[in-house]
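The values are calculated or read from the model by the stated rules, or taken from the named source; none is laboratory data. What you see is a predicted model, and the numbers here were worked out from it, not measured in a lab. For neighbour counting, all protein chains shown are included, and Cβ atoms are generated from backbone atoms with ideal geometry for every residue, glycine included. In case anyone asks, the SASA skips ligands and DNA or RNA and just uses the protein heavy atoms, side chains included. Shrake-Rupley method; radii C 1.70, N 1.55, O 1.52, S 1.80 Å.
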Amino acid sequence: MSLSPHTTPSGFLLPSIHAAPPFFTLQPKAETQALVTEQWTRLILSYARHRRLFYLRVEDAEPPGSDWDEVLRNDRINRRLPPSHLSYILDDMVSKNKAMYEPVKQTRSVLLFWRLPEEWAEVLHDWASSTAQLNTILTFFEIVEPPVPSQLSGIPDTLLRRAISILTKTNRAQVIAVSDGEGVRFLAGNVSK
Amino acid sequence: MSLRRYTRSVDGTIPVRALLYEDEDLIASQDGIGIYDGTEKSAPHQSGTAHATTHRLFYIDAAQPIARSFELDLVHVARTEHYAGLFTSSPKITLHFHALPAPLSAGDDGAGSAADDPASRSWTCDVCAYRNPPGLSPAASRVCALCGVPRSSAPNPAVDIPGSAAPPTTPTRSPTPPASADADGEIACSVCTFLNHPALAACEMCGTPLPRRPPPPQQQQVQARSAPASRPTTPSADDDGPDTRMIRLSFRRGGDKAFYAVLRRSLLGKGWEVKGVTKPTNTVRSSVTTQGHTATLSGINGILRTVETTAASSQNDMEDALKDLEALMVKWRDMVKLAQDLNERLTAVSTTAPATLAPPAASTEGASTGPALTTQAVEPEEATFIRSSLAQLGAQMPNAPVTLDMIRDERRWVDELARELAGVLQGTGGKGEGIMRQRGVVGLDEVWGGWNRARGVALIPPSTFLMVLPHLPSHTSPPIQMRTLAGSGLSVLHTPPFTRAAFAARLVGLLALVGPKTVVEIAQEEAIPIGLAQEMVVEVEDEGEICRDEGGAGISAAGLSQNGEVRWWVNIFRGYVWDGQTD
């Protein structure tokens, strides 16, 4: 049986393994399941990056109509990812720092790290410097919803804060209380890093 | 005519013991008996045997036992007389009877047909639901054998007799008083108006059940006759005055004294009365029922005692049987040894006989003539006879199972057992089919059962069986090995193609070649039971060679048909290289 990659309507190239029915089954054999989880993690993160999705919930596997249908379901082979399997994958992703539970103290919903917070910090700093906004005070809103769309558009607040805190530790950003909440000032810092 | 009225005919060809009730005992018998009906000789009953029991007196005719034999319930006997005999006159016993109670109910003794006799039917007690067996005497069958509660009522005649389904009176019929009885106690049939003898339960003419007559005919003159006097009636019995209500037993061959004594004892013992239970009021001697007897069979005590007795007797039987078995086991070894000894001697004799029978030329052979003579005594026919007898006893045993006492050395014993098991598994000497036949895998339980069935005696305990198994590969070709499946702990014996690695390789090859398969398909392909296939496939999965597609999470209903069953795939994740979206 030959499997081939498939391009979704949204222009995402699904891997060939997505057309294999066993891919959707939670394998009892731990070693086999580790391989399956690894591929799913990669698939989920790629798709999230492709569609700029930040959240994945176990409920997304239940009824059709969510943003994740193209990945979590495969109508061509009549398979979908059971919620129990998805829950297992999410757990594994969190344990490998590929995602974090958001909100905390529950396991049904995760914030995906298709970029790690450290990478986000770099992206943030690069964006600030490339748009010549170093040393200016920016509100969080101005970062998340900039006049000119950027990679940071729509970034969740949690992720943004973590990125900023990373920058603060390296003295490249400074959190300042402003009148309507908080603001941040990016500093040039030591680019050497 | 008292003979006809008080006795019932029996089939004299049946042994008397078979005619007895369950609670009745045969006490004495005397042949050479003649019967007098009243004061006159009864012509048909002049030569027969009389049997006295606790309940009855039997007369079995010698010439025509079927037609002329009869039984007499001792309950009817009022008193007896003994006449010692004089010159040519034989000794005689005279039995005087009570007057018969006017209408005998259907359930009472002496009247009704055999079907109405309560003793001949089993019935269920209303109180304890114990099903009373038939065969008890009429009196004993009136009370429940288990709880001692009297039987509630005679069975409903409407159920038993189909003819009674018709309504007794119809508008067209003249209104006949159903219970009318005339001066003689005769009962008018409600259907055909025939006047029946009071002893009858059903009409003599049409078989309709007769109405019971409730009161004794005290006010006969008040009751008008329902029919003219010219109606036909049952031929009336002789008027039974006290002098005619008797029969005599004439002892033509003596034995009268002993028989009379026994009879007296039976009459005094009143075995027909159920002890401790008041009888129905229409029975003659209810007032003199002896309450003093201790063996009450009623109530909880009675039930408990019955249960105890039953348990004790079955316990005794079981112990006896086990003792027999133990005795047999003690003797068994000696028997076999003796048989083998005999067999060996016969073999030795038959081999030495021809040699010694050759004419001894040299004088030195003279010593051997002695044994030669003795061997000649055993004829070949006798030898074959003995041997065939031994074979019939099963003691010859050319294929005797290997037992521990045959081979002292335990290691050799196990080895021999392994050789024997190999024969059972693969067939001996290339002929015949063993348990394995064409199969590659067979369960340990089946092998054990099959082996012991093949041995028949000296069965192998499972512990020994497990000891033998490691020796099996050296005696089998191809070598048969044991393997325990991890999933259920099931152990199997298998040929080399079913070792773990071989099976995994074959399965992976199969899946790669023809695509995913279910366990059932794999079982078909491998010709092994499905349960076994499941176990073995799971083992292969455990090695990571294959993976499963449970398919239970199908999207459309169309796919449900194949859902629920796991399809097995080659492990496609191994060595998979990402061929999807890359940034």
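Things worth noting here:
- Note on B:Arg253/B:Arg412: beta-carbon distance plugged into 1/(1 + (r/R0)^6) with R0 of 60 Å gives a FRET efficiency of 0.15.
- Difference of contour (0.36 nm per residue) and Cα-Cα distance, B:Ala348 to B:Leu466: 38.5 nm
- Chain A: relative contact order as a whole-number percent, Cα under 8 Å and 6+ apart: 15
- To the nearest ten degrees, helix A:157-169 and the longest principal axis of the Cα atoms of chain A are 50 degrees apart.
- Peptide B:534-546 has a mean of 2 when you count, residue by residue, the C-beta atoms of other protein chains within 10 Å of its C-beta.
- The accessible-area ordering, largest first, of the residues A:Lys169, A:Lys29 stands as A:Lys169, A:Lys29, per a 1.4 angstrom probe.
- Accessible surface buried by the A/B pair amounts to about 2700 Å², both sides summed, 1.4 Å probe.
- Per-pair calculated FRET efficiency, R0 = 22 Å: B:Leu490 and B:Gln524 via Cβ, rounded to 0.05: 0.65
- Rg over Rh, two decimals, chain A (C-alpha only, Kirkwood Rh): 1.05
- Two-decimal ratio, segment A:6-112, of alpha-carbon radius of gyration to 2.2 N^0.38 Å: 0.99
- Think of a 1.4 Å ball rolled over the protein heavy atoms: segment A:6-112 then has 41 Å² of accessible area per residue.
- Contour minus Cα-Cα distance for B:Ala501 and B:Val330 (0.36 nm per residue): 56.4 nm
- Gyration tensor verdict on segment A:117-186 (Cα atoms; rounded if a/c is under 1.5, prolate if a/b is larger than b/c, oblate otherwise): rounded
- Using alpha-carbon coordinates, inclination of helix A:117-130 to the longest axis of chain A, degrees: 50
- Burial ranking of peptide ranges B:317-325, B:340-348, A:120-128, B:5-13 (average Cβ count within 10 Å, highest at the top): A:120-128, B:5-13, B:340-348, B:317-325
- Stretching the chain fully between B:Val307 and B:Ala321 yields a gain of 2.9 nm (0.36 nm per residue, less the alpha carbon separation).
- Figure legend: label point modelled 7 angstrom from the Cα of B:Ala62 along Cα→Cβ; residues of segment B:27-42 with amide N under 14 Å from it are B:30-35.
- Comparing the full protein assembly with the isolated chain, the residues of segment A:73-111 losing at least 30 square angstrom of accessible surface (1.4 Å probe) are A:Asn78, A:Arg79, A:Arg80.
- Helix-derived mean residue ellipticity, 222 nm - over chain A, DSSP H n ≥ 4, -39500 (n - 2.57), to 500: -11500 deg cm²/dmol
- Cut-off 9 Å between beta-carbons: net charge of the residues surrounding B:Ser90, Lys and Arg +1, Asp and Glu -1: +2
- Residues whose amide H falls under 5 Å from that of B:Trp123, counting only those 5 or more places apart or on a different chain, are B:Asn132, with hydrogens built in the peptide plane.
- Surface share of carbon and sulfur [accessible, 1.4 angstrom probe, percent] for chain A: 54
- The accessible area of B:Val149, taken with all protein chains in place and a 1.4 Å probe, comes to roughly 50 Å².
- Taken one residue at a time, the phi angles of segment B:336-345 give Karplus couplings (6.51, -1.76, 1.60, θ = phi - 60°) of 4, 5, 4, 4, 5, 4, 4, 4, 5, 4 Hz. Gly and Pro are set to x.
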